[in-house]
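These notes are about the structure you will find just below.
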Amino acid sequence: MRKPLVMGNWKLNGTKQTVKELIGAFAEAANKAGDKIEVAICSPAVFIPLVEGAAAGSKLQYGSEDCDIHTQGAYTGENSPTQFKEFGCKYAIVGHSERRGYHKESNEYVAQKFKSAQDNGLIPVLCIGESESEFEQKKTMDICKAELKAVIDLCGIAAFEKAVIAYEPIWAIGTGKTATPEIAQDVHHQIREYLKSFDAAVADKVQILYGGSCNAKTAPELFGQPDIDGGLIGGASLKVADFTSIIETAAKL
Ligand code: PGA
């Protein structure tokens, strides 16, 4: 039985004040939800020490939105997985479509980030998903398989024993256009089938989150699908009522 995971992705948002308010509320909601689910927030790197303090002693976990492939050195502006680990991070998102798009990160580069995060004790959250035109051309699985294969080639299928996958159709991110539960379930199922072709036990165990305009209203039906193990939540993780309600939805599964 896979544990549902509800993860927020704040992107480039927040202030010292909102971090305190949001983390305080989410830590309380995570404690209330108990051990039935996992709850985490991935914040801008600069806020991680504040998140660490505000989440201390609670069940709320946290992580980074990205991480570099190196652990130290002359890489101006980057943050390393060892640094995130030192501040208590559990997760590192890698390969978010905003990084693949705006920062031209290739599948192979994302795989290196995945490896670096995992080698240094973080759980990588690998984001995969197709653009609107790729969706219309029915290329969803070609894109997802290529993004997964780059990681399998570099790290091996067993690496997914300690990783999370987030299927995020790019056309649904921040647009208000959530994939229907049927579309999302179908893709999640095919992702699991693809992983099964390498290792059935790993495929069965790995949490596959849905992301893309997932909110308090859409979460119940999405999370009710057999291959959807929770959500990667952008906009709604910046609102106390919405994210708390998503946590409660997952806790009822
Ligand atoms: P959204 O973002 O929930 O605002 O669509 C999700 C994500 O990009 O992780």
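The values are calculated or read from the model by the stated rules, or taken from the named source; none is laboratory data. These numbers come from a predicted model, not from an experiment. As a convention, Cβ positions derive from the backbone with ideal geometry for all residues, glycine included, and neighbour counts pool all protein chains shown. Surface accessibility is based on the protein's heavy atoms, side chains included, excluding ligands, DNA and RNA. Shrake-Rupley method; radii C 1.70, N 1.55, O 1.52, S 1.80 Å.
How far apart, in nm, are the 7 Å Cα→Cβ label points at residue 1 and residue 217?
3.2 nm
Could you give the nm distance between label points at residue 200 and residue 71, where each point is 7 Å from its Cα heading toward the beta carbon?
Output for this residue pair reads 3.8 nm.
Let me have the 222 nm mean residue ellipticity of the chain computed from DSSP H runs of 4+ only, each contributing -39500 (n - 2.57), with the sum over all residues rounded to the nearest 500.
About -13000 deg cm²/dmol.
Can you find, among 17, 137, 75, the residue farthest towards the positive end of the dipole of the chain? Put +1 on the C-beta of Lys and Arg, -1 on that of Asp and Glu.
Most positive-ward Cα: 17.
Output the pairs from 104/177; 36/104; 20/217 with a Cα-Cα distance over 32 Å in this structure; if there are none, say none.
Details: 104/177 24 Å; 36/104 38 Å; 20/217 25 Å.
Listed pairs above 32 Å: 36/104.
To the nearest 20 debye, what is the magnitude of the charge dipole of the range 5-252 about its Cα centre, counting +1 on the Cβ of each Lys and Arg and -1 on the Cβ of each Asp and Glu?
I would put it at about 420 debye.
When the accessible area of the chain is computed with all protein chains present and a 1.4 Å probe, what percentage of it is carbon and sulfur? All intermediate terms of the calculation are to be shown ahead of the outcome.
Values: 5830 of 11260 Å².
Carbon and sulfur: 52 percent of the exposed surface of the chain.
Grab the beta carbon distance between residue 36 and residue 87, set R0 = 30 Å, and tell me the FRET efficiency rounded to 0.05. Mind dumping the intermediate values first?
Details: r = 27 Å, r/R0 = 0.89.
In this case the efficiency is close to 0.65.
Take the cross-link list 162/239; 59/196; 85/196; 205/252; 138/252 and give me the ones stretching past 26 Å between alpha-carbons. Let's see the in-between values first.
Numbers: 162/239 29 Å; 59/196 32 Å; 85/196 31 Å; 205/252 20 Å; 138/252 34 Å.
Going by Cα-Cα distance, 162/239; 59/196; 85/196; 138/252 fall outside the 26 Å limit.
Which distance in nm do the two modelled labels at residue 225 and residue 146 give, with both placed 7 Å along the Cα-to-Cβ direction?
Spacing of the two 7 Å Cα→Cβ label points: 2.2 nm.
Give the accessible surface of the chain per residue, rounded to a whole number of Å², with probe radius 1.4 Å and ligands, DNA and RNA excluded.
Values: 11260 Å² over 253 residues.
So the chain comes to 44 Å² accessible per residue, rounded to a whole number.
Based on the Cβ-Cβ distance from residue 189 to residue 56, what FRET efficiency comes out when R0 is 51 Å, to the nearest 0.05? Could you put the intermediate results ahead of the total?
Working: r = 39 Å, r/R0 = 0.76.
So, using R0 = 51 Å, E works out to roughly 0.85.
Sort out for me the Cα centre separation of the range 60-124 from the range 1-42, rounded to whole Å.
Cα centroid to Cα centroid, the span is 19 Å.
Grab the eigenvalues of the alpha-carbon gyration tensor for the chain, scale each by 5, take roots, and send me the semi-axes largest first in whole angstrom.
Details: eigenvalues 121, 100, 58 Å².
Whole-Å semi-axes of the equivalent ellipsoid: 25, 22, 17.
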